[in-house]
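Asks: Next up is a structure, given as structure tokens.
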Amino acid sequence: MRLILVGPPGAGKGTQAVHLASHFSIPHISTGDIFRLNIKGETELGLLAKSYMDAGNLVPDSVTNDMVADRLTHDDAKSGFLLDGYPRNIDQADFLKAVLEKSNTPLDAVLEFKLENAEIIKRLSGRRVCRGCGATSHVIFDAPKVSGICDSCGGELYQRPDDAESVIANRLAVYAEQTEPIINYYKSSGLLKTISAVGDVSDIAASAIAALK
Ligand code: AMP
């Protein structure tokens with residue numbers, strides 16, 4: 001299975017990606033996670049990505065495309081992959097298409113998660129991430145037992161800089177202007193499946209699997 005997840009920030013793509021990657025036994029490749037790991041490791045790539053990410057803007061295609069092309073050459077991606085957060089504009093979609101055509105490994109599906117802006121803002125502004133294990137929680141919808149402490153590992157919870165309310169509006173604008181056009185791009189190639197991102201995590205996971213059958 002070669003699969004792409006598309007949807008606005010806060011749609012729960014990351015959560016569903018973990019589930020789908022395990023269901024199909026394919027690696028979960030999140031460009032956002034790769035950038036965050038590089039920021040944590042203070043690499044050159046991390047330093048470059050940080051200013052774009054903190055402002056809610058896209059990291060330049062020249063950097064992102066090469067990073068993904070390299071990741072797709074790893075052994076674990078030979079029999080399939082799930083891309084979460086890539087492509088995010090038409091140029092990235094064209095680049096990916098060329099990479100996959102070269103290796104004669106076309107995409108099987110693009111799964112779109114749909115969610116209203118008001119719900120996105122509620123979800124993102126309350127989202128917290130564990131510094132230890134990366135698990136996410138929410139100050140209202142999925143509050144930890146002890147405020148600021150991860151239920152899973154006891155690590156410290158923090159707010160991603162790009163989940164600050166002042167940055168969310170820009171991320172939504174970037175999504176509408178740059179990422180939404182790829183939905184029609186994949187619709188016209190017959191790959192697009194759309195599901196609602198509202199409801200229980202397990203119900204959404206079931207809809208996702210059903211849509212991909
Ligand atoms: P995410 O974790 O998918 O919400 O991504 C967080 C941030 O990482 C985005 O707001 C961008 O700054 C950057 N990023 C992730 N994926 C991409 C991509 N495909 N192209 C450019 N920037 C990206």
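The values are calculated or read from the model by the stated rules, or taken from the named source; none is laboratory data. Keep in mind the model is a prediction, meaning the values are calculated, not measured. For neighbour counting, all protein chains shown are included, and Cβ atoms are generated from backbone atoms with ideal geometry for every residue, glycine included.
Asks: Could you figure out which of (1) in contact with a helix residue (DSSP H, G or I) (Cβ under 6 Å, 6 or more places away or on another chain); (2) in a loop (DSSP other than H, G, I, E, B) isn't true of residue 105?
Replies: (1)
Asks: Which residues, counting only those in the stretch 155-174, are part of a loop (DSSP other than H, G, I, E, B) and either of a type outside the set (A, V, I, L, M, F, W, C) or closer than 27 Å to residue 96 by Cβ (or both)? First the steps, then the outcome.
Replies: The initial filter retains those residues of the stretch 155-174 that are part of a loop (DSSP other than H, G, I, E, B), namely 155, 159-160, 164.
155, 159, 160, listed by residue number.
Asks: Please go through the stretch 183-201 and pick out each residue that is modelled with pLDDT under 95 and part of a helix (DSSP H, G or I).
Replies: 201
Asks: Collect the residues in the stretch 2-53 that are away from the ligand (no atom under 12 Å from the Cβ), small (Gly, Ala, Ser) and in a helix (DSSP H, G or I), keeping them in residue-number order.
Replies: If the condition is that a residue be away from the ligand (no atom under 12 Å from the Cβ), small (Gly, Ala, Ser) and in a helix (DSSP H, G or I), then 21, 22 are the ones that fit.
Asks: A further question follows. Does the stretch 12-30 hold any residues that are at negative phi and touching a helix residue (DSSP H, G or I) at 6+ places or on another chain (Cβ under 7 Å), and which are they?
Replies: Step one: filter the stretch 12-30 for residues at negative phi, giving 13-24, 26-30.
Answer for the stretch 12-30, where residues must be at negative phi and touching a helix residue (DSSP H, G or I) at 6+ places or on another chain (Cβ under 7 Å): 15, 16, 19, 20, 23, 27, 28, 29, 30.
Asks: Kindly evaluate residue 79 against the criterion of being hydroxyl-bearing (Ser, Thr, Tyr), more than 7 Å from the ligand (Cβ to nearest atom) and under 27 Å from residue 159 (Cβ atoms).
Replies: no
Asks: Hey, another quick one. Hey, among 89, 104, which residue is closer than 25 Å to residue 26 by Cβ and in contact (Cβ under 8 Å) with a residue 40 or more places away in the chain? Don't jump to the end; show me each part of the working.
Replies: Working: 104 fails: in contact (Cβ under 8 Å) with a residue 40 or more places away in the chain.
Every option except 89 fails the conditions.
Asks: Within the group 177, 119, which residue is part of a helix (DSSP H, G or I), surrounded by fewer than 14 Cβ atoms within 10 Å (Cβ to Cβ) and not small (Gly, Ala, Ser)?
Replies: Values: 119 fails: surrounded by fewer than 14 Cβ atoms within 10 Å (Cβ to Cβ).
The conditions single out 177.
Asks: Considering 99, 63, which residue is near the ligand (Cβ under 10 Å from one of its atoms) and over 27 Å from residue 204 (Cα atoms)? Walk me through how you get there before you give the answer.
Replies: Details: 99 fails: near the ligand (Cβ under 10 Å from one of its atoms).
Answer to the selection: 63.
Asks: So in the stretch 102-116, with the set limited to residues that are of a type outside the set (D, E, K, R) and surrounded by 14 or more Cβ atoms within 10 Å (Cβ to Cβ), which one is farthest from residue 191 (Cα to Cα)?
Replies: As a first pass, look at the stretch 102-116 and keep what is of a type outside the set (D, E, K, R): 103-107, 109-111, 113, 115.
Going one step further and asking which of them are surrounded by 14 or more Cβ atoms within 10 Å (Cβ to Cβ), we end up with 105, 107, 109-111, 113, 115.
Numbers: 105: 14, 107: 8, 109: 5, 110: 6, 111: 8, 113: 14, 115: 20 Å.
Among those residues, the one meeting the criterion is 115.
Asks: Working only within the stretch 129-166, note down all residues that are in contact with a helix residue (DSSP H, G or I) (Cβ under 6 Å, 6 or more places away or on another chain) and under 20 Å from residue 53 (Cα atoms).
Replies: Correct list: 161, 162, 163, 165.
Asks: Also, quick follow-up: Look at residue 58 and say whether it is more than 10 Å from the ligand (Cβ to nearest atom) and surrounded by 14 or more Cβ atoms within 10 Å (Cβ to Cβ). Spell out how you get there, then give the answer.
Replies: Values: more than 10 Å from the ligand (Cβ to nearest atom): no; surrounded by 14 or more Cβ atoms within 10 Å (Cβ to Cβ): yes.
Considered against the rule, which asks whether it is more than 10 Å from the ligand (Cβ to nearest atom) and surrounded by 14 or more Cβ atoms within 10 Å (Cβ to Cβ), residue 58 comes out as no.
Asks: Considering only residues that are among the small types (Gly, Ala, Ser) and touching a residue at least 12 places away in the same chain (Cβ under 8 Å), which ones fall in the stretch 14-24? Talk me through it step by step, then tell me what you get.
Replies: Here is the first cut: in the stretch 14-24, the residues among the small types (Gly, Ala, Ser) are 14, 17, 21-22.
Matches in the stretch 14-24: 14, 17, 21.
Asks: Also: Anything in the stretch 45-54 that is surrounded by 15 or more Cβ atoms within 10 Å (Cβ to Cβ) and either under 16 Å from the mean Cα position of the chain (by Cα) or of a type outside the set (D, E, K, R) (or both)? List them, or say none.
Replies: Of all residues in the stretch 45-54, those surrounded by 15 or more Cβ atoms within 10 Å (Cβ to Cβ) come to 45-46, 48-50, 52-53.
Across the stretch 45-54, the qualifying residues are 45, 46, 48, 49, 52, 53.
Asks: Restricting attention to the stretch 122-160, which residues are within 24 Å of residue 59 (Cα to Cα) and surrounded by fewer than 14 Cβ atoms within 10 Å (Cβ to Cβ)?
Replies: Matches in the stretch 122-160: 131, 158.
Asks: Let me ask something additional. Can you run down the residue pairs with Cβ atoms below 7 Å, 6 or more apart or on separate chains, where the first is in the stretch 124-143 and of a type in the set (Lys, Arg) and the partner is assigned to a helix (DSSP H, G or I)?
Replies: Every condition considered, the pairs that remain are 127/163.
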